[in-house]
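Got a structure for you, questions after.
The values are calculated or read from the model by the stated rules, or taken from the named source; none is laboratory data. None of these values were measured; they are calculated from a predicted model. Here Cβ is always computed from backbone atoms with ideal geometry, including for glycine, and neighbour counts include all displayed protein chains. Ligands, DNA and RNA are stripped out before the accessible areas are found, and what is left, the full protein with its side chains, is counted by its heavy atoms. Shrake-Rupley method; radii C 1.70, N 1.55, O 1.52, S 1.80 Å.
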Amino acid sequence: MSRGRRQLFLLRHAKAVTGGPGMTDFARPLADRGRKAAARMGRYLAERSLVPDLVLCSPARRTRETLEVAAPALPPATTRFVDDLYDFGDGEMLLAAIRREGGSYRRILLVGHNPAIQSLALLLAGKGETSLKRQMAEKYPTAGLTVLDFSTGDWASTAAGSGTLAAFVRPRDLMQDET
């Protein structure tokens, strides 16, 4: 990949139903509230021209449904369901997947789970507005979205602190858009 501006969009899956008897965590679907929030985030990305050319998504049902609901607002993109993204750790597996899968893509949307999404966002955000970092550290809600800009390098060499936090958006921040 040539050196130049890259963007990473980190989207935590939207609100899912609470698991019931016989339902695995992997199989939990979105709740109605989650569907609305995912649609809001899809519109947010599209309205601000934050359009991915690669989507990396956990194969869990709630992440796939989050993507399904958000995607109609966006142009088609190469989509890969990556087993390593079903991760609830410190974000290192997510970063490894980005390094491995990113190739020459300029804008990547990663749809995953907490606490790994939050951990990765905090790990990569070396620069950016302090108040946004603080909000992100305090709580990374379902359907929360981080936008990170990278001005140099390629995905394979993405390192801690190499990104600039351009935005941290929570679904409730977009509620007025629906009135």
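Normalising by the residue count of the chain, find the relative contact order in percent from Cα pairs under 8 Å and 6+ residues apart. Numbers along the way, then the final one.
On the way: 381 pairs, mean separation 54.7, N = 179.
RCO, the chain: 31 percent.
Taking a ≥ b ≥ c as the square roots of the Cα gyration tensor eigenvalues, with a/c under 1.5 meaning rounded and otherwise prolate when a/b beats b/c, else oblate, which class fits the stretch 69-171?
Rounded.
Same structure again: Beta carbons within 10 angstrom, averaged per residue: use that to sort the peptides 108-121, 161-174, highest first.
Ranked from most to least packed, the peptides come out as 108-121, 161-174.
A further question follows. Given a 1.4 Å probe, how much area per residue of the chain is accessible, in Å²?
The answer is 46 Å² per residue.
Related question: Decide, for the stretch 32-72, between rounded, prolate and oblate: order the square roots of the alpha carbon gyration tensor eigenvalues as a ≥ b ≥ c, take rounded if a/c falls under 1.5, and otherwise choose prolate if a/b is larger than b/c, else oblate. Could the numbers behind the result be given before it?
Numbers: a/c = 3.08, a/b = 1.19, b/c = 2.59.
Oblate, since a/c reaches 1.5 and b/c is not below a/b.
Label-point separation (nm) for residue 173 and residue 77, each offset 7 Å from Cα along Cα-to-Cβ?
1.7
Related question: Of the accessible area of the stretch 50-179, with the probe set at 1.4 angstrom, what percent is carbon plus sulfur?
About 51 percent, which is the carbon plus sulfur part of the accessible surface.
How big is the C-alpha Rg of the chain next to the rule-of-thumb value 2.2 N^0.38 Å, as a ratio?
Rg over 2.2 N^0.38 Å, computed on Cα atoms: 0.96.
Could you tell me which residue out of 22, 45, 34 lies farthest along the dipole of the stretch 18-63 toward its positive end? Charges go on the beta carbon: Lys and Arg +1, Asp and Glu -1, centred on the Cα centre.
The Cα lying farthest towards the positive end belongs to 34.
Taking amide hydrogens as modeled 1.01 Å from N in the peptide plane, which residues meet the under 5 Å criterion relative to residue 166, leaving out close sequence neighbours?
Result for residue 166 returns 147, 148, 149.
Shifting gears a bit: Please give every one of the lysines within straight-line cross-link reach of residue 36, meaning a C-alpha to C-alpha distance under 21 Å, and leave out same-chain neighbours fewer than 8 residues apart.
Result set, ordered by chain and number: 15, 139.
Something else now. How big is the dipole moment of the chain about its Cα centre under a simple scheme where the beta carbon of each Lys and Arg is +1, that of each Asp and Glu is -1, and everything else is neutral? Debye, nearest 20, please.
On the way: 26 positive and 19 negative charges, 59 e Å.
Dipole magnitude for the chain comes out near 280 debye.
Let me ask you something else. Can you give the Rg to Rh ratio for the stretch 1-92, taking only C-alpha atoms and Rh from Kirkwood? Walk me through the intermediate numbers first.
Details: Rg = 14.2 Å, Rh = 14.2 Å.
Reported Rg/Rh (Cα atoms, Kirkwood Rh): 1.00.
Tell me what the chain gives for mean residue ellipticity at 222 nm when only DSSP H runs of n ≥ 4 count, each as -39,500 (n - 2.57), the sum divided by the residue total, rounded to 500 deg cm²/dmol.
-9000 deg cm²/dmol
Can you tell me the dipole magnitude for the stretch 124-179 around its Cα centre, using point charges on the Cβ only (Lys, Arg +1; Asp, Glu -1), in Debye to the nearest 20?
For this selection, approximately 240 debye.
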